[in-house]
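The values are calculated or read from the model by the stated rules, or taken from the named source; none is laboratory data. Bear in mind that the values here come from a model prediction, so they are computed numbers and not experimental data. Using ideal geometry, Cβ is built from the backbone for each residue, glycine included, and neighbour counts are taken over all protein chains shown. We work out accessible area using only protein heavy atoms, side chains counted, and drop any ligands, DNA or RNA first. Shrake-Rupley method; radii C 1.70, N 1.55, O 1.52, S 1.80 Å.
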Amino acid sequence: MIRFGLCCIFRDEPIKFHTTTATAVSKMERLSGLKKINDLCKENAQSLLKALEFCVNKNIGNFRVSSAILPLKTHPVLGYKMEDLPEAEHIVSLFKKSGEYARLNNIRTCFHPDQFVVLSSQKPDVVVQSLNEIEYQAEVSEWINSDVVNIHGGGAYGDKQKALSDFSRSVELLSERARTRLTVENDDKVYTPSDLLPICENLGIPLVYDVHHHRCNKDDTTIEQATDRALGTWNREPMFHLSSPIEGWAGPKPLRHHDFIDIKDFPECWENLNITVEVEAKAKEVAILQLQKEFKKK
């Protein structure tokens, strides 16, 4: 069974997630700022349940939760602990309600931290902030029954093997709940599946295989070979990524994502697998609904 995944937001469906800026909150008294964040967190928890309900109704099996679901949670100056919020217990209970709903309806949830999360960074403060961000998302993952916090390998800094060693050392600093959810994804410029698979196999970290990235950033493995090795890194349902280039593969910028998925970009070797395929298309739920129809015709 292919479980298609929706990433973070909707194009047409009136389900919204809200955030704020550090600039806006920094102009407020601390308690007023926390009250504002409290209300946004509560609204986002309620929106998450609506998003999951939509997924159930449309047979979408996975929902990626935005990294900003708790706005400014790990900001170096304005960050906060849950107990700092006036309605902390109620907010957590709302997220746990979504987690129970996801469990009962077999909906998978996951996180994909932003690009500033770099465990291979040569700057200690960046590594610390990256670890904090992963830990925060792992905490919310416990509430909502999520099993994936997916990151990229980061930069190579002129020495790819050293950077991967630094990445491995940083992974060891994570808590158990973060480590058991952590996955890593091949990217479109630096790290190929061949670069990351030895690290995944040595550390027991699953590879989220992104076939679009692999087509852009090639190595010595085929899609079939990378798929097979990636599957072997998972101790739970594997998760892969799919997208199509906006101007086609002959276009000038194949890295850029299309609004929709070209069904020809769906690897044939995936068709009979039991996997989650996150659809990274700009048309969001509309793209998934179209892909579902086309997939059924294959």
- Query: How about the range 96-142: which chymotrypsin sites (Phe, Trp or Tyr not before Pro) there lie in a loop by DSSP and see at most 13 other Cβ atoms within 10 Å?
  - Reply: Phe116
- At q = 0.10, 0.13, 0.14, 0.15 Å⁻¹, what is the base-10 log of I(q)/I(0) for the chain according to the Debye formula with one equal point scatterer per Cα and no solvent? Please give it to two decimals. -0.55, -0.95, -1.10, -1.25
- So if R0 is 22 Å, what FRET efficiency would Glu43 and Lys81 give, r being the distance between their Cβ atoms, rounded to the nearest 0.05? 0.65
- Carbon and sulfur: what percent of the chain's accessible surface (1.4 Å probe)? 50 percent
- Item | Dimensionless Rg/Rh of the range 92-164 - Kirkwood Rh, Rg from C-alpha atoms | 1.12
- Note on the structure: The long-range amide H neighbours of His257, using H built 1.01 Å from N in the peptide plane and a cut-off of under 5 Å, are Ile246
- Where the range 117-258 is the region considered: accessible area per residue in Å², 1.4 Å probe: 41 Å²
- Inter-part gap, Cα centre of the range 8-67 to Cα centre of the range 209-264, in whole angstrom, is 29 Å
- Pull up the DSSP beta bridges for the range 171-298 and report the antiparallel fraction as a percent, rounded to 5. 10 percent
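What is the extension gain from Leu104 to Lys297, computed as 0.36 nm multiplied by their sequence separation minus the C-alpha to C-alpha distance, in nm to one decimal?
Difference between extended and current length: 66.5 nm.
To the nearest 20 Debye, how big is the dipole of the chain about its Cα centre, given +1 on the beta carbon of each Lys and Arg and -1 on that of each Asp and Glu?
600 debye
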- So the FRET efficiency between Arg256 and Gln115, C-beta based with R0 = 22 Å and rounded to 0.05, is 0.90
- Query: How much of the DSSP beta bridge set in the chain is antiparallel, as a percent to the nearest 5?
  - Reply: 5 percent
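How compact is the range 99-252 by the rule of thumb for globular proteins, expressed as Cα Rg over 2.2 N^0.38 Å? Write down the numbers at each step before the final one.
Details: Rg = 15.6 Å, N = 154, 2.2 N^0.38 = 14.9 Å.
So the range 99-252 has a normalised radius of gyration of 1.05.
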- Message: Let me see the P(r) profile for the range 168-298: every Cα-Cα distance counted, bins of 10 Å, each bin given as a percent of all pairs.
- Response: 12, 40, 34, 12, 1
- Task: List the longest stretch of the chain that has no exposed loop site; here a site is one of the GluC sites (Glu not before Pro) assigned by DSSP to anything other than H, G, I, E or B, with at most 15 other Cβ within 10 Å.
- Result: 88-171
- Item | Residues with amide H under 5 Å from that of Thr183, placed H, sequence gap 5 or more | Val149, Asn150, Ile151
- Task: Compare Gly232, Gly154, Gly251 in a GNM of the chain, Cα atoms joined below 10 Å, and give the one with the largest fluctuation.
- Result: Gly251
- Message: Looking at the chain as a GNM with Cα springs under 10 Å, which of Phe54, Phe260, Phe95 has the largest mean-square fluctuation?
- Response: Phe54
- Item | C-alpha center-to-center spacing [the range 134-183, the range 74-125] in angstrom | 14 Å
- Task: Please list, in chain and number order, the residues 5+ apart from Arg108 or on another chain whose amide H is under 5 Å from its amide H, with Hs placed from the backbone.
- Result: Asn62, Phe63
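With every protein chain present, what is the per residue accessible area of the range 17-80 (1.4 Å probe, Å²)?
Ligands and nucleic acids excluded, the result is 46 Å² per residue.
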- Message: For the range 176-298, what is the number of Lys pairs with C-alpha distance below 22 angstrom, counting only pairs 8 or more positions apart or on separate chains?
- Response: 20
- Cα→Cβ-extended label distance, 7 Å offset, between Lys96 and Thr19, nm: 2.7 nm
- Under the 7 Å Cα-to-Cβ spin-label approximation, Ala88 and Leu273 lie apart by a distance in nanometres of 4.1 nm
- Query: How long is the range 209-264 along each principal axis, judged by its Cα atoms, biggest number first, in Å?
  - Reply: 37, 24, 16
- Item | Residue among Pro76, Pro206, Pro254 with the largest mean-square fluctuation in a Gaussian network model of the chain, springs linking Cα atoms under 10 Å | Pro76
